[in-house]
Amino acid sequence: MAHRKKDEIVHDHNHDGIDRRGFLKCMAWAGTGAFCVMQGGVLKSYSMSRLAEMNPGDMKGELSFVQISDSHMGFNKPANPDVAATLKAAVDKINALSTPPEFLLHTGDISHLSKPEEFDSVEQILKSASAKDVFYVPGEHDVLNDDGKQYHERFAKGTQEGGWYSFEKKGVHFVGLVNVMNLKAGGLGTLGREQLEWLEKDVKSLKSSTPIVVFAHIPLWAVYPEWGWGTEDSAQALAYLKKFGSVTVLNGHIHQTMQKVEGNVTFHTACSTAFPQPKPGEAPSPGPMKVPAEQLRAVLGITDVNYVRGQHALAVVDSTLA
Amino acid sequence: MRRSVFVASLMAMAVIGLGGIVGEHKSFVASAQEKTASTAEVKIDNFVFGPAAITVPAGTTVTWINRDDIPHTVVSTDKVFKSKVLDTDEKFSFTFTKPGEYPYFCSIHPKMTGKVVVQ
């Protein structure tokens, strides 16, 4: 016990390999250098600030992509009066990566108020990224007032009617899910029956050795239900993914980095490129956290994911803008 | 030229002053008739509707005002009323004519719930 590593599981009350108290230790602001590493399992996770210490060979893979999230274009309150500048800084970081990512994933809250000019700005800024393809899922801020019609026309053309979709890249199966529509009073994020049925069919014929990456805005695990940080019917979705040896779930919404491993599934949430939010329960509400201007970029970020075929490992790197 | 600017600013002050008086008058009326108030206000602060439950007589216009840095909505669970998204300091009003219970929530943050009881 004396040599126990800081983030080792020590309270496995449900005998399922999860330490529900301890996993919060893995949670960290990007930039503080705290991270979780799974060796010989599914996921390798590196902090960008530690890339210099890493063997560059370990960071190379057959597929790499970058996750960005929660740009909240249009937000202009003291927590970050210039969200366009911090999104641009994220793009600069992306463009500086030694291995250019093949594409970007944006896990929602592209805009703050679903305004056309907000969507325009994000698309414009992302055009300067080295990766030209951007795959989106909507956040609740992107589907205000029009049930997501505008979002769908801009970012989800050719997908299912509800906006969910899947695609293959170099043997990895990616699934973009929508869990911000038809939210019920008192409830959490929702996928809905139709989407779940689609998901079941979508993955049914895949070999169990296929690496799966699922991305959606609201976390697909119960991060902090008291603040709505979870998805009602995510357990059903994850049940369809049980047969796969490697499942990675990427979410946004909570504006901070968290990681959790549950069996074959590794969960990650990404930082916002706009403003940070408090740790679960550590503030009266999940509203924007005001940090001194010089610290802001240390709590915003991008996630760089590197897939190494053969080892079935995904390296997730959450990098700060500082 | 100088004179017209002076006159214009005097007029502007007069308008502002008038606005202030009207505002004060309204709130005076509301507090004077508290038991049969025809208006009521619910503040959205820190992701909470305050007060979360209010009881008002039929005919009352309830106004919600968003004091958060984050947008919210006011949506009736039974689809009786639905606001557009309210950014910081934006308001939404609805007049309740029929007695009954009207539960509502923020459709963006559904953990936020409230209730209007109309007597």
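Overview of values
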{"quantity": "Qualifying residues in segment B:74-87 (those that are within 12 Å of A:Leu113 (Cβ to Cβ) and touching a Phe, Trp or Tyr at 6+ places or on another chain (Cβ under 8 Å)) - the one farthest from the other protein chains (Cβ to nearest Cβ)", "calculated": "B:Leu86"}
{"quantity": "Residue check, A:Asp109 closer than 23 Å to A:Ala270 by Cβ, of a type in the set (D, E, K, R) and in contact with a Phe, Trp or Tyr (Cβ under 7 Å, 6 or more places away or on another chain)", "calculated": "no"}
{"quantity": "Enumeration of residues in segment B:46-84 that are of a type in the set (Gly, Ala, Ser), within 25 Å of A:Ile254 (Cα to Cα) and part of a strand (DSSP E or B)", "calculated": "B:Gly50"}
{"quantity": "Selection from segment A:80-112 of residues that are modelled with pLDDT of 85 or more and over 15 Å from A:Glu123 (Cα atoms)", "calculated": "A:Asn80, A:Pro81, A:Asp82"}
{"quantity": "Test: residue in segment A:73-86 that is without any contact (Cβ under 8 Å) to a residue 40 or more places away in the chain and crowded, with 18+ Cβ neighbours inside 10 Å", "calculated": "no"}
{"quantity": "Residue that is farthest from A:Gly230 (Cα to Cα), among those in segment A:136-153 that are out of contact with any Leu (no Cβ under 9 Å at 6 or more places or on another chain) and crowded, with 17+ Cβ neighbours inside 10 Å", "calculated": "A:Gln150"}
{"quantity": "Residue check for A:Gly187: out of contact with any Leu (no Cβ under 8 Å at 6 or more places or on another chain), within 14 Å of chain B (Cβ to nearest Cβ) and at negative phi", "calculated": "yes"}
{"quantity": "Restricting segment A:205-237 to residues that are free of Cβ contacts under 8 Å to residues at least 12 places away in the same chain and more than 25 Å from A:Gly281 (Cα to Cα), the residue that is farthest from the other protein chains (Cβ to nearest Cβ)", "calculated": "A:Lys207"}
{"quantity": "Conditions (1) touching a His at 6+ places or on another chain (Cβ under 9 Å); (2) within 8 Å of chain A (Cβ to nearest Cβ); number of the one not met by B:Pro110", "calculated": "(1)"}
{"quantity": "Residue in segment A:101-135 that is nearest to the other protein chains (Cβ to nearest Cβ), counting only those that are touching a strand residue (DSSP E or B) at 6+ places or on another chain (Cβ under 8 Å), crowded, with 24+ Cβ neighbours inside 10 Å and outside any helix (DSSP H, G or I)", "calculated": "A:His112"}
{"quantity": "Count - residues of segment A:282-297 that are part of a loop (DSSP other than H, G, I, E, B) and either within 13 Å of another protein chain (Cβ to nearest Cβ) or at pLDDT below 85 (or both)", "calculated": "10"}
{"quantity": "Selection status of B:Val42, assigned by TED's automatic domain parsing to the domain that holds B:Gly114, touching a Phe, Trp or Tyr at 6+ places or on another chain (Cβ under 7 Å), more than 14 Å from B:Met112 (Cβ to Cβ) and outside any loop (DSSP other than H, G, I, E, B)", "calculated": "no"}
{"quantity": "Segment A:114-140: number of residues that are farther than 20 Å from A:Asn251 by Cα and touching a His at 6+ places or on another chain (Cβ under 8 Å)", "calculated": "1"}
{"quantity": "Positions within segment A:241-254 being buried (at least 17 other Cβ atoms within 10 Å of the Cβ) and of a type outside the set (A, V, I, L, M), in sequence order", "calculated": "A:Phe244, A:Ser246, A:Thr248, A:Asn251, A:Gly252, A:His253"}
{"quantity": "Given (1) surrounded by fewer than 20 Cβ atoms within 10 Å (Cβ to Cβ); (2) under 17 Å from A:Tyr136 (Cα atoms), number of the condition A:Gln195 does not satisfy", "calculated": "(1)"}
{"quantity": "Count of segment B:54-69 residues which are within 14 Å of chain A (Cβ to nearest Cβ) and either surrounded by fewer than 14 Cβ atoms within 10 Å (Cβ to Cβ) or touching a strand residue (DSSP E or B) at 6+ places or on another chain (Cβ under 7 Å) (or both)", "calculated": "3"}
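Yes or no, residue by residue, for (1) closer than 30 Å to A:Asp109 by Cβ; (2) surrounded by 10 or more Cβ atoms within 10 Å (Cβ to Cβ); (3) at pLDDT 95 or above:
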| residue | (1), (2), (3) |
| --- | --- |
| B:Ser27 | no, yes, no |
| B:Gln33 | no, yes, no |
| B:Ala40 | no, yes, yes |
| B:Pro51 | yes, yes, yes |
| B:Val74 | yes, yes, yes |
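The values are calculated or read from the model by the stated rules, or taken from the named source; none is laboratory data. Note that the coordinates shown come from a computational prediction; the quantities given were computed from them, not determined experimentally. When we count neighbours, we look across all protein chains shown, and the Cβ atoms used for this are built from the backbone with ideal geometry, even at glycine.
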